[in-house]
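Have a look at the structure below, then the notes.
The values are calculated or read from the model by the stated rules, or taken from the named source; none is laboratory data. Given the structure is predicted, the values throughout are model-derived calculations rather than measurements. When we count neighbours, we look across all protein chains shown, and the Cβ atoms used for this are built from the backbone with ideal geometry, even at glycine. Each accessible area value is taken on the protein alone, full model and side chains, heavy atoms only, with ligands, DNA and RNA left out. Shrake-Rupley method; radii C 1.70, N 1.55, O 1.52, S 1.80 Å.
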Amino acid sequence: MKKIFLIALFITSASFAQKSINHYKYVVVPTKFDFVKGKDKYQTSSLTKFLFNKHGFTAFLEGEKLPEEAVNNRCLVLTGDVRDDSSLLTTKSIVELRDCYNKVVFTSQAGRSKEKDYKKAYHEAIRNAFKSVQTLKYKYTPSKEVTVVKEGVVTPVVSAVEVVKNKTEKANEENTTKNVLYVQSINNGFQLVNTKPEVVFQALKTSVKNVFVIKDKNGILYKNGDSWFAEYYDNNMKVIEKYQIKF
C-alpha cells in the first residue's frame with residue numbers, strides 16, 4: 001500500500017507539473033481591466049468573454065454564477081485578463097491566462113490597432129491578440145479517468161491516483177472543520193490568526209471575488225458556501241483545510 005501511495009504521489013506531481021491549457025475548463029473575465037475607468041468600459045470585458053467562448057472556452061464575467069464544479073474546484077478555472085501595452089500612436093492589448101495560484105500560464109502576442117477612437121482601438125487590438133488564443137486550438141480534456149465496459153454499460157471509474165487524493169482531501173477537510181481564524185488587515189490583503197494568537201496564513205488579493213493567494217505557499221484561499229478553504233501543496237501533496245473565518 002505504501003508503494004502504491006508513493007507511486008500515486010509521483011504521478012499526481014508529474015501531472016500537475018505538465019498541466020496544459022486543455023486541463024482547465026472555465027475562464028472568468030474581470031468586469032474591469034486596469035487600463036479602463038469603470039466596469040466593462042468600451043465593452044472590453046464583454047468582448048473578451050465573447051472571444052474566449054468563441055475559441056472553445058466556457059467563459060463567465062466576474063460575479064456571474066459559476067457551475068457547481070467550478071465553485072468546488074477553483075483550479076478548474078482560469079482568470080482571463082487583458083493588459084495594455086500601448087504606445088503613443090498604437091493601442092496594444094495582451095491577453096493573459098492565470099491559474100488558481102495567480103500564475104500566468106499563457107500570454108498572447110500583442111494585438112495592435114491604429115484606430116483613434118478608444119472603443120474601436122481596444123476592440124481591434126483585443127481581437128488581434130486573440131489570434132494567439134486561436135492557435136492554441138483549445139479543447140477541454142477532463143482529469144484522468146479510467147473507463148470500463150461492463151455488460152455493455154460504459155462506467156467511469158476514478159483512477160487510483162484520484163482515490164488516494166480524494167481520501168486525503170476528505171480527511172483534511174474533516175479534521176479541520178472546527179478551525180476558526182480571525183482577520184487582521186495588511187497591505188494587499190489580510191492575515192489570519194488563531195486563538196493563541198499566531199499567524200496561520202497571509203492572504204493576498206486577486207482579481208477574482210473571494211479567492212486569495214496564500215503568501216509563501218503554493219496555494220489559494222477561497223470561499224465555498226459559508227466556509228473558507230485553504231488549498232495548497234505540501235511536499236508535492238495536495239492539502240485542503242477547512243476554516244471558519246471571522247471578519
For segment 97-126, enumerate the residues that are surrounded by fewer than 16 Cβ atoms within 10 Å (Cβ to Cβ) and over 20 Å from Val28 (Cβ atoms). Gln109, Lys114, Glu115, Lys116, Asp117, Tyr118, Lys119, Lys120
The condition of being surrounded by fewer than 15 Cβ atoms within 10 Å (Cβ to Cβ) and of a type in the set (Phe, Trp, Tyr) holds, among Phe247, Phe201, only for Phe247
Unmet requirement for Gly219, which otherwise passes all of (1) among the small types (Gly, Ala, Ser); (2) without any contact (Cβ under 8 Å) to a residue 40 or more places away in the chain; (3) open to solvent by less than 30 Å² (accessible area, probe 1.4 Å): (2)
Kindly provide the set of residues from segment 23-54 that are surrounded by fewer than 18 Cβ atoms within 10 Å (Cβ to Cβ) and either closer than 17 Å to Gly111 by Cβ or in contact with a strand residue (DSSP E or B) (Cβ under 8 Å, 6 or more places away or on another chain) (or both), ordered by number. Asp34, Phe35, Val36, Gln43, Ser46, Phe50, Asn53, Lys54
Would you check if there is a residue in segment 204-221 being over 14 Å from the mean Cα position of the chain (by Cα), aliphatic (A, V, I, L, M) and farther than 17 Å from Cys100 by Cβ? no
Condition check for Val104: under 30 Å from Lys238 (Cα atoms) and either of a type in the set (Asp, Glu) or modelled with pLDDT of 95 or more (or both): no
